[in-house]
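Notes follow the structure.
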Amino acid sequence: MMDFITRILRIIAFAVVALIGLGMALIFTFSTLIAVGILFLVAKLRGQRFSVQEYWTSRQARRKPIFAKGSFGQPTRPRDNVTDVEARDVR
């Protein structure tokens, strides 16, 4: 009987957490739709065309890149004055 009660409590706790997560996802989705709708209205009032993809690419173009193109995994400083040292285990 005690095992049955603990299983029921675990199922109820899992269901509550799942419903809270679902609610948060719905709130995020609706707030995003409202924000895109506001951007669309402002663009229409200004007489401009609005496209989510164009908005996203223009925002990304204005942002400073974290990594320089083609330098993934490469050092950012020149390595002209770096001395290569060989290390050995001394016993």
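Exactly one condition in (1) at pLDDT below 95; (2) open to solvent by 100 Å² or more (accessible area, probe 1.4 Å); (3) more than 17 Å from the chain's Cα centre (by Cα) is not met by ILE34; state its number.
Answer for ILE34: the failing condition is (1).
Among the residues of the stretch 48-60, what is the count of those that are outside any helix (DSSP H, G or I) and open to solvent by less than 70 Å² (accessible area, probe 1.4 Å)?
At the first step, the residues of the stretch 48-60 found to be outside any helix (DSSP H, G or I) are 48-51.
Still in the running and open to solvent by less than 70 Å² (accessible area, probe 1.4 Å): 50-51.
Residues meeting the conditions: 2.
The values are calculated or read from the model by the stated rules, or taken from the named source; none is laboratory data. Computed from a prediction, not measured in an experiment: that's the story for all the values here. Please note that ligands, DNA and RNA were not included when accessible areas were found on the heavy atoms of the full protein model with its side chains. Shrake-Rupley method; radii C 1.70, N 1.55, O 1.52, S 1.80 Å.
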